[in-house]
Each structure stands twice: as C-alpha cells, then as structure tokens.
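See structure below.
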Amino acid sequence: IQPYEKIKARGLPDNIASVLNKLVVVKLNGGLGTSMGCKGPKSLIGVRNENTFLDLTVQQIEHLNKSYNTDVPLVLMNSFNTDDDTKKILQKYSHSRVKIYTFNQSRYPRINKETLLPIAKDVSYSGENTECWYPPGHGDIYASFYNSGLLDNLIGEGKEYIFVSNIDNLGATVDLYILNHLMNPPNGKRCEFVMEVTNKTRADVKGGTLTQYENKLRLVEIAQVPKAHVDEFKSVSKFKIFNTNNLWIALSAIKRLQEKNAIDMEIIVNPKTLDGGLNVIQLETAVGAAIKSFENSLGINVPRSRFLPVKTTSDLLLVMSNLYSLNAGSLTMSEKREFPTVPLVKLGSSFTKVQDYLRRFESIPDMLELDHLTVSGDVTFGKNVSLKGTVIIIANHGDRIDIPAGAVLENKIVSGNLRILDH
C-alpha cells in the first residue's frame, strides 16, 4: 500500500490530455434513495444548490474535458430499479460536453430462506413480482459491463482504464496523479487494479480492509468476518485503513479475465426480511473483492477528502453546509475551517427522510467551528443558526424544541421543551 504523497510527488507529465483520453469514469448507479425516504434513484436526490449527485458528476467531468480539451466519457451502471428514471433524466445533459453511456447490471431472484428456492413465480418483474428480484451488488460490474458490449466498444476507442466509484461518494473525483501513476508506472510494469484506501476513524468501523494472502491483495468485508472476530476487525489499531470503493481498473484485464471466467469474488450472503415478513437470502458480490484476480494490484492510501459518502441525512447536512465550497461540481473543505476533520453529526429518526430533514431547517446552520452535533426528537432550526464545539439537542417525547433564528450554540446541551412564539 503506497502513500498518496509518494504518488503525487512524481508530478504530472506535459501531455496530461493524452493520458486523460485513455480514461473512462464509471459510477455505480444501481441504488435507490429508500434509506433516505426517497423514491427513485439515489443519484437524483438534490445535494447542493439544487444539484443532484448526477448533476455534480456531470459537471466534474465536463470541467475536466473543457480544461484539457479531452473526451472522458461517463458510464453509469444502472439496476432494473434505476434504469428508466435515469434514462429520462439523461436527456437534460444532451448538450453537455460529456458522452454518457449506461448499461444494466443483472437481475437475480431472491431466495426463500426456508426452502432455498426462488420466490418468483415467473421472470416478469412488474406488479407483485417486483419484490422477488434484486441487483446482486456491484461485483456484478465485470460480467454486466462485458456482456453489454460497452467494454469492447471503449477498448476499440483506445480507452485503457476505468475509474469506478459510488455515485454517492462526493469525494471521488478524477485524480490526475493516480491516473499518471497507472499510465506511466515508475518501474515500467503497469498495475491492473488500484484500490484507494484511507485511514479509519471511529466512524468507519464497518468498511472493508485490505489484507495480503499468498502474495495477493485481498479485500475482507465485515460480512465475511466470524462473529468472534468482529470487534478485532473494527479495531482502529489492528486494521488502520478501509476501502473507499474508488477503484482504477485496466479494461484489457477485465476483458481477459472475463473471457477466461477467472474473476473470483467471495459471495456475501445478505439476509433480508420483506415487507410481508418473508425471510429471504440475497447472494451478492463486491467490486473490490476481485482485486486478487488481477496482476500487480496496488492500494493507495489517499487523503480522507476522497471519501465523502452521503448515506444518510446526517451526511447530507455536512455537504450542504458551509464546511464545503462547490467548484465545477467538486466539493472541497472550506479554508475557513481550522482543522481538516469533519464534525461528527448524528441526527435522530425525525430527520431520516429527506423531506422531513429539509422541513426542519429554515436554512443550513453555520458549522465551521462544529466538532459534534447530536439531535434527537422533534427539533427545528430557524434561519442563520450557528453551531460550535459540541452541541447536543434532545427533545423529550411529546416535547418540541425550536432553535430560534440567529441563535449561536457553543458547547451547549439543550433539552426539554423550548418554543419561542411570536406574539
């Protein structure tokens, strides 16, 4: 595992455009926004100034193509859940300077936990049959990309590497130093697979980690760890890094391995309970687990800023706030923040759904000096509130707390009932 500083120290070649023209950006776009109370693709949730995840991605790549006069395309891996809605929205980018392609990942049948048989009665997936199917995790990218014909087309156009990341990771922008390291390796031997890892904090105990086994790098996910060792796996001192799921992979290697059926990924068994109470099993794979099948793999320990996922409304609050500034689709930590770490934010269940969350903030508070925020219960925030240090706001059951406009809360615990009424 190489430190990013070492890769960056090599600098950039003069002909950066020729290196960029060998790159394709792939975003994993199979997920729905259900965990944030939204219907439809997660990539269409607004994250900043009305811009969605997809808008920001397109802006980033367009900025790259305009700055260097290049042709970096965007490829979206959709699932049967997100394909229709995504295709409708893509028309809005028809005049942008980014070629956008899509392909669909597979559709697998959910398995009844008792009988171990598929619960679908036939192959249709409309009506009551929709619950019978699932997209089998992002490890499906290799087979689906190959089967779609898009892989061969891109190789035919002279493309050599894909940069794969989750569409909800706002830190996953194209990094020219890593790309240069791939295209012009210092020892002349190209890496077929690079995984960006970053240092664990207490908030990242669940992320997969890299191990070395039989001279190959391997990804170990928490789902593969026996119960007795889970605490050890989560320890920050034993496993110091985790996988950001920002991956750089050689197209020719995917083609070679796919044709030999040689991509070996551990199966993750994901038990679920459907709305009707039926227990099912989903068999899934993770894109990073294939690292052991590629030659000359490498982990690069990147700065934390390359991992900025938005999984919950607590994450959304951070990226909407003045902690970040937006420039050409990329979010960067504000220079006004004195320390580079992100505050720990925990919003309670009243904030889980995006529409509830938005209703509770008249404007996003100033969080430049915030270390820790916990909010629980029926709480609303007025305009221009400022939060500093550690702030804990707990409205007891049946009570409501309205933080008044212009309030400055520094190292405060607010509890009970607080309503300021206009008279």
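Which one of THR130, ASN51, HIS397 has its Cα pushed farthest toward the positive end of the charge dipole of the chain, where Lys and Arg give +1 and Asp and Glu give -1 at the Cβ? Value: ASN51.
Full extension of the segment from ALA17 to ASN187, taken as 0.36 nm per residue of separation minus the current Cα-Cα distance, would add 59.0 nm.
Average accessible surface for the range 119-192: 40 Å² per residue, computed with a 1.4 Å probe over protein heavy atoms with every protein chain in place.
The charge dipole of the range 2-306, taken about the Cα centre with unit charges on the Cβ atoms of Lys, Arg (+1) and Asp, Glu (-1), comes to about 700 debye, rounded to the nearest 20.
With each label modelled as a point 7 angstrom along the Cα→C-beta vector, the SER415-ASP399 pair spans 0.8 nm.
Across the range 8-13, computed HN-Hα scalar couplings (Karplus, 6.51 cos²θ - 1.76 cosθ + 1.60, θ = phi - 60°) run 5, 4, 5, x, 10, x Hz from first to last residue, x flagging Gly and Pro. At the residue level, MET183 shows approximately 20 square angstrom of accessible surface with a 1.4 angstrom probe and all protein chains present.
Distances between placed amide hydrogens fall under 5 Å for VAL342 paired with no residue 5 or more residues away or on another chain. Looking at the range 47-187, how many pairs of lysines come closer than 20 Å at the Cα, when each pair is eight or more places apart or spans two chains? Taking the Cα cut-off of 20 Å, the pair count is 7.
The count of lysine pairs in the range 171-277 with alpha-carbon distances below 17 Å, taking only pairs 8 or more places apart or on different chains, stands at 9. Using the Cβ-Cβ distance between ASP122 and LYS272 with R0 set to 22 Å, the FRET efficiency works out to roughly 0.55. Protein heavy-atom surface of the range 313-415, 1.4 angstrom probe: 49% of the accessible area is carbon and sulfur, with nucleic acids and ligands not counted. About its Cα centre, the dipole of the range 41-189 is roughly 180 debye, where the only charges are +1 on Lys and Arg Cβ and -1 on Asp and Glu Cβ.
Peptides 330-341, 399-410 ranked from most to least packed by the mean count of surrounding Cβ atoms within 10 Å: 399-410, 330-341. Counting protein heavy atoms only, the range 2-306 has 50 percent of its accessible area on carbon and sulfur, 1.4 angstrom probe.
Taking the charge dipole of the range 313-415 about its Cα centre, with +1 at Lys and Arg Cβ atoms and -1 at Asp and Glu Cβ atoms, the residue from PRO365, VAL354, LEU344 reaching farthest to the positive side is VAL354.
Residues in the range 313-415 average 49 Å² of solvent-accessible surface per residue, probe 1.4 Å, ligands and nucleic acids excluded.
For HIS138, the accessible surface of its heavy atoms amounts to roughly 60 Å² (probe 1.4 Å, protein chains only, rounded to the nearest 10).
Pairwise Cα distances in the range 120-247 exceed 27 Å for 39 percent of all pairs.
What is the Cα centroid distance between the range 257-291 and the range 77-115, reported in whole angstrom? Between the Cα centre of the range 257-291 and that of the range 77-115, the gap is 18 Å.
The values are calculated or read from the model by the stated rules, or taken from the named source; none is laboratory data. Just so you know, these numbers come straight off a predicted model, no measurement behind them. So basically every Cβ, Gly included, is an ideal-geometry build from the backbone, and we count neighbours across all protein chains shown. In case anyone asks, the SASA skips ligands and DNA or RNA and just uses the protein heavy atoms, side chains included. Shrake-Rupley method; radii C 1.70, N 1.55, O 1.52, S 1.80 Å.
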